[in-house]
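Notes follow once the structure below has been shown.
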Amino acid sequence: CWPAAVAAANALADLACSRGGSLAGLRVLELGAGTGLASATAAALGADVVATDVADVSLDLLRRAADAAPARGMTVRRLDFTDRGQVAALGAFDVLVASDTLYEEAIARATARAAHDCACQCVVADPGRPDGRWAFLDELRALGRAESGAFAPTRVDAAELGAFQLGAGLAAATIGIWDETGPG
């Protein structure tokens, strides 16, 4: 799993704690779910989860996770979230999660558009790619979200991430969470 997914899973656990320990009654969409850590966390906490990705290997992993715990309410869908129509076709959500989706400008901007369009609570975890964060926040501003917040440091520590390679110039201290309720 990716280090940003650990931060996103922690943010979902924090959200559950603020709601009495559960995400029951919430519908959660994860964009680019990869290995599905955040989706599995949300499902384990009681949410109805739609885990999405475009990569076949990720979709296979996500389906295996969903099949291993069918009572947990996780469905898997192929989704190219750069296509706003595909995202809209999934319906309304209470929480949108994206971890490590700001790795290139087009994907960062698509993440911002999905966060804007969702008009729900959004949790975006990023390992510290300044260009991706800039593109994400710039797109939100272009969509009229002048007060689009900032990435806050997370409570993920180096010990939790010891087995992961973060890449050049990135460290546990650079992982941040953008957590904001959308317009609407």
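The values are calculated or read from the model by the stated rules, or taken from the named source; none is laboratory data. Since the structure is predicted, the reported quantities are computational estimates derived from the model, not experimental observations. When we count neighbours, we look across all protein chains shown, and the Cβ atoms used for this are built from the backbone with ideal geometry, even at glycine. Surface accessibility is based on the protein's heavy atoms, side chains included, excluding ligands, DNA and RNA. Shrake-Rupley method; radii C 1.70, N 1.55, O 1.52, S 1.80 Å.
As an exercise: evaluate residue 24 against (1) within 20 Å of residue 120 (Cα to Cα); (2) of a type in the set (A, V, I, L, M); (3) under 15 Å from the mean Cα position of the chain (by Cα) and give the number of the one condition it does not meet.
Among (1) within 20 Å of residue 120 (Cα to Cα); (2) of a type in the set (A, V, I, L, M); (3) under 15 Å from the mean Cα position of the chain (by Cα), residue 24 violates only (3).
Here's the yes/no breakdown for (1) assigned to a strand (DSSP E or B); (2) surrounded by 13 or more Cβ atoms within 10 Å (Cβ to Cβ); (3) at pLDDT 95 or above; (4) among the β-branched types (Val, Ile, Thr):
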position	(1), (2), (3), (4)
14	no, yes, no, no
23	no, yes, yes, no
34	no, yes, no, no
42	no, yes, yes, no
46	no, yes, yes, no
49	yes, yes, yes, yes
64	no, no, no, no
71	no, no, no, no
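Between a residue in segment 97-114 that is surrounded by fewer than 24 Cβ atoms within 10 Å (Cβ to Cβ) and any residue that is among the acidic types (Asp, Glu) and assigned to a helix (DSSP H, G or I), which pairs come within a Cβ distance under 9 Å, given they are 6 or more apart or on different chains?
104/131; 105/131; 109/138; 109/139; 113/139
Please list, ordered by first then second residue, the pairs with beta carbon atoms under 9 Å, 6 or more apart or interchain, first in segment 64-84 and closer than 18 Å to residue 34 by Cβ, second open to solvent by 90 Å² or more (accessible area, probe 1.4 Å) and at pLDDT 90 or above.
Once the first residue is closer than 18 Å to residue 34 by Cβ and sits in segment 64-84, its partners that are open to solvent by 90 Å² or more (accessible area, probe 1.4 Å) and at pLDDT 90 or above give 76/63; 78/56.
So how many residues does segment 30-48 have that are within 17 Å of residue 90 (Cβ to Cβ), aliphatic (A, V, I, L, M) and touching a Lys or Arg at 6+ places or on another chain (Cβ under 8 Å)? Please lay out each step first, then the result.
Pass one, segment 30-48, residues within 17 Å of residue 90 (Cβ to Cβ): 30-33, 36, 38-39, 42-43, 47-48.
Applying the additional criterion that residues be aliphatic (A, V, I, L, M) yields 31, 33, 38, 42-43, 47.
Then keep just the ones that are touching a Lys or Arg at 6+ places or on another chain (Cβ under 8 Å); that gives 43, 47.
Looking only at that region, the number is 2.
Residues that are assigned to a strand (DSSP E or B) and surrounded by 16 or more Cβ atoms within 10 Å (Cβ to Cβ): does segment 53-61 have at least one? Break it down stepwise before answering.
Initially, segment 53-61 is screened for residues assigned to a strand (DSSP E or B), giving 53.
Still in the list and also surrounded by 16 or more Cβ atoms within 10 Å (Cβ to Cβ): 53.
Looking for residues that are assigned to a strand (DSSP E or B) and surrounded by 16 or more Cβ atoms within 10 Å (Cβ to Cβ), one finds at least one in segment 53-61, hence yes.
Report yes if residue 128 is assigned to a loop (DSSP other than H, G, I, E, B) and either polar (S, T, N, Q) or surrounded by fewer than 15 Cβ atoms within 10 Å (Cβ to Cβ) (or both), otherwise no. I'd like the intermediate steps shown before the answer.
Values: assigned to a loop (DSSP other than H, G, I, E, B): yes; either polar (S, T, N, Q) or surrounded by fewer than 15 Cβ atoms within 10 Å (Cβ to Cβ) (or both): no.
Taking the combined requirement at face value, the residue does not satisfy it.
Can we say residue 78 is under 30 Å from residue 21 (Cβ atoms), basic (Lys, Arg) and open to solvent by 30 Å² or more (accessible area, probe 1.4 Å)? Talk me through it step by step, then tell me what you get.
Values: under 30 Å from residue 21 (Cβ atoms): no; basic (Lys, Arg): yes; open to solvent by 30 Å² or more (accessible area, probe 1.4 Å): yes.
Criteria not met by residue 78.
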